[in-house]
Structure formats: structure tokens, C-alpha cells
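Colleague: Before we start, here is the structure in question, set down as C-alpha cells.
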Amino acid sequence: MHEIKNFINGQWVSTSKTFEDINPVNGKVIAHVHEAGRSEVDAAVKAARTALRGPWSQMKLEERSSMLVAIADEINRRFDTFLEAEIADTGKPYSLASHLDIPRGAANFKAFADLMRNAPTECFPMRTPDNGHAVNYGVRAPRGVIGVICPWNLPLLLMTWKVGPALACGNTVVVKPSEETPATATLLGEVMNAVGVPEGVYNVIHGFGPDSAGQFLTEHPGVDGITFTGETRTGEAIMKAAANGVRPVSFELGGKNPGIVFADADFDKAVAGIARSSFENTGQVCLGTERVYVERPIFERFVQALKARAEAFQMGNPTDKGMNFGPLVSKEHREKVLSYYKKAADDGATIVTGGGVPDLPGDLANGSWVQPTIWTGLPETSAVIREEVFGPCCHIAPFDAEEEVINMANDTPYGLAATVWTQDVSRAHRMGAALEVGLCWVNSWFLRDLRTAFGGAKQSGIGREGGVHSFEFYTEPRNVCIKL
Ligand code: NAD
């Protein structure tokens, strides 16, 4: 049986306690994962501190950037190994992981290598009271040892989205991947050794949240900042841990994102766009659309067109190239999603399609599969419309006026993303200004430029990452004022 170990100070570290890594396609155990205890977490943080004081933060910017490019190249060289590991951990289709997860994993290192090399700092020359001169200039110092806590839905992509800029800025990291998807973070350790990244710069510890590696890492006083992507409730627990020692956090949290389709939209593009935003990655995308609002004149037609899309997905072995719909990440998560399917039915929803578990042959019957599901007819107060399900489902409601749909879209404690479909450019600008979200896509969804700010408003996050915004978290700005 394959073993997944902790990666501390450039070495593979086993422990006496292991847990199972399960393939959600068929329920089979694919690896035993060595769970880090307090002592391994402590060793990882100490290794990161030593590396920070050692060669890494002292390295010339150009050299460090070249090393990040080498990491990206090495991920691409091992593309198939990363792809196989990500598919085995998540069950996501080859078609998706080969286009999104692994290429973005590599691109995150290249993008931040370039950005850091080209990022200017501010400079303010000034006159002094004695009629002399002084000059102020900004220096970006590394923040220190960064704790990186990651979710399971886009494991390599979201982890490297943090590790890339953290390393580019001269920090060292201790990564705690999700217990559901430990493989690709571990493989990245092999890449770090292969390209000669100094030991202790990148460390990986495995385990769970409470009373396990996640809690031990976030409580550790040797961690200078915590970047976290995951559920809002987990963010609250981590923020409490970070309060000890007043350590900064960067949070990318949950969402309950609206998709808004106006009658003037390009109909076919809007249907295809909402089908993607509601069902891609089996609905396990933080930016995904679980509340769809469609202008009344096209409502019935839209519901039928989205139903046809949902029913056309091909489920099966993720490595089959024609397959485009995977299982949920785990049986536990399926229980959660199915509990919302039941709530929707109990609340009197019209089930347009889906609502249960598909009938699949052979081994697949032991996987964590659910049907893509569409509801109509629920009141806006229903739990299915208020709470994040994180599954392949959406509720579609009609609306009559722009102001009405803005109010419905904003009536949520979350504020991560929105997707709006209209051909009226003035309306597009009005919606961009009115929606209380961190990311508003018009006539698109999940179209990413890594230079832009990424993150959520309200309970969907704290701070922004992406482009120079990442540098605000991963560096400590220092002003140097010199009297001339
Ligand atoms: P989760 O919050 O359950 O777990 C995320 C990570 O936190 C895991 O590694 C887990 O082990 C760890 N953890 C849990 N409790 C902890 C604790 N008390 N202390 C320290 N670490 C702890 O999230 P998940 O189920 O893995 O991911 C799904 C969630 O992530 C959804 O809510 C989704 O919206 C959100 N998400 C947000 C974004 C974004 O960019 N805003 C992106 C992807 C996912």
C-alpha cells in the first residue's frame, strides 16, 4: 500500500498514527497517510524558521524567482504523476484536472516569480522643516513563517496559489493540506528537493483540523501569519487561534453565489455558463452558483435548457476521456449534500431534475456519487437558498426587475462571487457596482487573470490575494526615511 509521509526539512517523516486516503470514485483505500502530532508540527515550524534565517530570504530576488520558475517547469515535467494523484484523491474528471488543476498549479509559481521581479515599491521625496530634504522609500520584507491551510476541492491549485507568492516574497511555509486530498502537496515536496530549494523552505504536515495538525499549526507561536481557504466556520476557529500573538490572517471562505440571467442575455451562452458555474467539479467550487435568478420572460425556457444540460453529464471512471462529471469528494460530504436534497424536498421544492444518488454499475456503486440537481419553487428563506451546499445543485427563481434581483442577490451573509448574463453594457456596469461580492463576472465565470484581486466580501473572506494584493499579506511593508 502506498504511504504518504510528512515532508519536514527536506526529509520524509513517518509517524506511528496513520489514516486512510480514499478514492471517492469507488471507495477504495489508495494510501495510508502519516498523521503529524504536535512534535512533527513543531519540527516543521522550526525547520521553516531556520530556513528563513538561512539562505532563502537572503537569496537574490532573481535567483529566488528563477527557482520558482524551475518549480513550475518540474511540475510540468511530472504532469502525469500530479494528474494521476489529483484524480485519485478527488475523482475529478481527466478533462477538468488536465486543463485546470495541474496547469494552474504550475502557473501559480511562474506568475508570482514574474510579479515579484517586476513589483515596484513606493518612494516619497519630501522637504523637511529645516528647509532640507528627506526621502522615504518602501521595502517589502518577508513576513516570516507562513502556515498554509488548504481545502480539498482544488487541492494543488489552491495550495500553490498561496505557496507561490509566499515563497516569491522570501517567506518559508508549513502546509497542512486537507485530510481528504494529501497527495499533490506531498508530491510537491519531491519537486522542491529535485530543483534544489533549500531544506525547510517548504514543509508539509498531514492530519485533520481540531486536535490535530491543523489546530497545532495555527496555534503554534512560531507561525507569523496564517493563510486559509475553507469553510467560514473553520475560519472563525482559526481566527481565534491567530488572536494569540496577534498574528495576521488571509481568508478565502465559503460562498452562496448568485447567478443572474437577464432576458437580453445571449441565451445559449448563459445556459452553458450557468451549467458550468453550478455543476463544474461536481459543484465543489467556492465560486459556484447555487442561487440562479432568471428574468421572467425567459424563465421556463431557461429551466428546461439547464435541465437538458444537467441530464447530459457523463458519469464514470474519471480517466475515461469522455467523462465530465465526477463524484463528491467523500461519503461524509455526500451525506451533507444529500441532507440538503432532502431539505429541499421537505420544503416543497419542485425537483426539476436529480435529487438523489445515480444508479452506477460495478465498483462505481461504492463511490460518493450524487445526481446534478435543479430545484424551483422554494421561498428565499429556505435553508437550501441560505446555506452553502457545496454540491452540484442550484435553485432557479424568476425575477421581474433589476433592483429586485440585486436585493435578492445581496440578501446573504456571504459575498464571494456573482455571475451576471446580459448584453446591456450599462446594466453590466450597474450590476458590477451594486453586487456585494469580491468577484463579479459578466458573461463569464471563473475567468481568471492572476494579477487581479481574488477574495470575498462579508463572511466570504478577509483580505485579497492575487497580483500585488498577495504581497500585502506575504510581506511586511517597511518605510525607510532618510534625512539627506
Ligand atoms: P474546511 O474548512 O472543512 O477545511 C479546510 C482545511 O481546514 C482542512 O485542511 C482542514 O483539515 C482544516 N481545518 C479544519 N478545522 C480546523 C481547525 N479548527 N484549525 C485548523 N485547521 C482546520 O473546508 P473544506 O470542506 O476542505 O473546503 C470546502 C470549503 O472551502 C467550502 O466552504 C468552500 O466554499 C471553501 N472554499 C473557499 C474558497 C475561496 O477561495 N473563497 C476556495 C475553495 C474552497
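Colleague: Taking the residues in region 269-327 that are in a loop (DSSP other than H, G, I, E, B) and among the charged types (D, E, K, R) as candidates, determine which candidate is modelled with the highest pLDDT.
Modeller: Asp320
Colleague: In region 284-326, what residues are within 16 Å of the ligand (Cβ to nearest atom) and either closer than 16 Å to Asp101 by Cβ or among the β-branched types (Val, Ile, Thr) (or both)?
Modeller: Passing the criteria: Gln284, Val285, Cys286, Leu287, Gly288, Thr289, Gly326.
Colleague: Looking at Gly354, is it within 27 Å of the chain's Cα centre (by Cα) and at positive phi?
Modeller: On the way: within 27 Å of the chain's Cα centre (by Cα): yes; at positive phi: yes.
Answer is yes for this residue.
Colleague: Could you list, ordered by first residue, the pairs with Cβ atoms under 6 Å in which the first is in region 450-463 and within 20 Å of Asn410 (Cβ to Cβ) and the second is of a type in the set (S, T, N, Q) and within 7 Å of the ligand (Cβ to nearest atom), at least 6 apart or interchain?
Modeller: Gln459/Thr232
Colleague: Among (1) within 12 Å of the ligand (Cβ to nearest atom); (2) within 29 Å of Met59 (Cβ to Cβ), which single condition is Val163 missing?
Modeller: Of everything listed in (1) within 12 Å of the ligand (Cβ to nearest atom); (2) within 29 Å of Met59 (Cβ to Cβ), Val163 misses just condition (1).
Colleague: Looking only at region 216-225, how many residues end up being closer than 28 Å to Arg64 by Cβ, out of contact with any Ser or Thr (no Cβ under 9 Å at 6 or more places or on another chain) and more than 8 Å from the ligand (Cβ to nearest atom)? Working first, answer last.
Modeller: Within region 216-225, the first condition is being closer than 28 Å to Arg64 by Cβ, and the residues that meet it are 217-218, 220-225.
If we keep only those that are out of contact with any Ser or Thr (no Cβ under 9 Å at 6 or more places or on another chain) as well, we get 217-218, 220-224.
Next, only the ones that are more than 8 Å from the ligand (Cβ to nearest atom) stay: 220-224.
Here the count works out to 5.
Colleague: Moving to a separate point now. Within region 421-479, track down each residue that is closer than 17 Å to Glu402 by Cβ and assigned to a loop (DSSP other than H, G, I, E, B).
Modeller: Thr422, Gln423, Asp424, Leu435, Glu436, Val437, Asn443
Colleague: Do the conditions hold for Gly377, that is, is it more than 16 Å from the ligand (Cβ to nearest atom), more than 17 Å from Ile274 (Cα to Cα) and in contact with a Pro (Cβ under 8 Å, 6 or more places away or on another chain)?
Modeller: no
Colleague: In region 392-425, which residues are within 15 Å of the ligand (Cβ to nearest atom), small (Gly, Ala, Ser) and closer than 26 Å to Phe267 by Cβ?
Modeller: Answer for region 392-425, where residues must be within 15 Å of the ligand (Cβ to nearest atom), small (Gly, Ala, Ser) and closer than 26 Å to Phe267 by Cβ: Ala417, Ala418.
Colleague: Of everything in region 240-257 that's without any contact (Cβ under 8 Å) to a residue 24 or more places away in the chain and in a helix (DSSP H, G or I), which residue is nearest to the ligand (Cβ to nearest atom)?
Modeller: Among them, the one singled out is Lys240.
Colleague: Okay, next question. If you take the residues in region 258-272 that are in contact (Cβ under 8 Å) with a residue 60 or more places away in the chain and more than 20 Å from the chain's Cα centre (by Cα), which one is farthest from the ligand (Cβ to nearest atom)?
Modeller: Asp264
Colleague: Evaluate the following for Phe228: is it farther than 30 Å from Asn407 by Cβ, near the ligand (Cβ under 7 Å from one of its atoms), of a type outside the set (Val, Ile, Thr) and assigned to a strand (DSSP E or B)?
Modeller: yes
Condition check ((1) hydrophobic (A, V, I, L, M, F, W, C); (2) over 27 Å from the mean Cα position of the chain (by Cα); (3) part of a loop (DSSP other than H, G, I, E, B)) across all residues:
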position	(1), (2), (3)
Ala345	yes, yes, no
Gly348	no, yes, yes
Asp359	no, yes, yes
Asp363	no, yes, no
Ile374	yes, no, no
Pro379	no, yes, yes
Ile385	yes, no, no
Glu388	no, no, yes
Ile406	yes, no, no
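Residue by residue, here is whether (1) in contact with a Gly (Cβ under 8 Å, 6 or more places away or on another chain); (2) of a type outside the set (Gly, Ala, Ser) holds:
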{"residue": "Ala166", "(1), (2)": "no, no"}
{"residue": "Thr172", "(1), (2)": "yes, yes"}
{"residue": "Thr184", "(1), (2)": "yes, yes"}
{"residue": "Leu187", "(1), (2)": "no, yes"}
{"residue": "Val197", "(1), (2)": "no, yes"}
{"residue": "Tyr202", "(1), (2)": "yes, yes"}
{"residue": "Ile205", "(1), (2)": "no, yes"}
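Colleague: Quick one: in region 168-215, which of the residues that are within 16 Å of the ligand (Cβ to nearest atom) and of a type in the set (D, E, K, R) is farthest from the chain's Cα centre (by Cα)?
Modeller: It comes out as Asp211.
Colleague: While we're on this one: Filter region 111-161 down to the residues that are more than 24 Å from the chain's Cα centre (by Cα), closer than 23 Å to Thr452 by Cα and among the small types (Gly, Ala, Ser) and list them by number.
Modeller: Ala119, Gly138, Ala141
Colleague: Is there any pair with a first residue in region 376-390 that is more than 20 Å from Thr282 (Cα to Cα) and a second that is part of a strand (DSSP E or B) whose Cβ atoms are under 6 Å apart and which are 6 or more apart or on different chains, and what are they?
Modeller: Here the result reads Gly377/Thr350; Leu378/His395, each pair linking region 376-390 to a residue that is part of a strand (DSSP E or B).
Colleague: Just the residues that are small (Gly, Ala, Ser) and either under 16 Å from Ile385 (Cβ atoms) or surrounded by fewer than 16 Cβ atoms within 10 Å (Cβ to Cβ) (or both), please, taken from region 322-344. Write out each step before concluding.
Modeller: Our first condition is that a residue be small (Gly, Ala, Ser); within region 322-344, this holds for 322, 326, 330, 339, 344.
Matches in region 322-344: Gly322, Ser339, Ala344.
Colleague: Give the residue, chosen from Leu96, Leu83, that is closer than 30 Å to Gly326 by Cβ and out of contact with any Gly (no Cβ under 9 Å at 6 or more places or on another chain). Before the answer, list the steps.
Modeller: Values: Leu96 fails: out of contact with any Gly (no Cβ under 9 Å at 6 or more places or on another chain).
Checking each option against the conditions leaves just Leu83.
Colleague: Can you name the residue in region 4-45 that is in contact with a Lys or Arg (Cβ under 9 Å, 6 or more places away or on another chain) and within 25 Å of Gly316 (Cα to Cα) and, of all such residues, is surrounded by the most Cβ atoms within 10 Å (Cβ to Cβ)?
Modeller: Pro24
The values are calculated or read from the model by the stated rules, or taken from the named source; none is laboratory data. The shown structure was predicted, so the numbers you read here are calculated from the model rather than taken from an experiment. In this analysis, Cβ positions are derived from the backbone assuming ideal geometry, glycine residues included, and neighbour counts consider all displayed protein chains.
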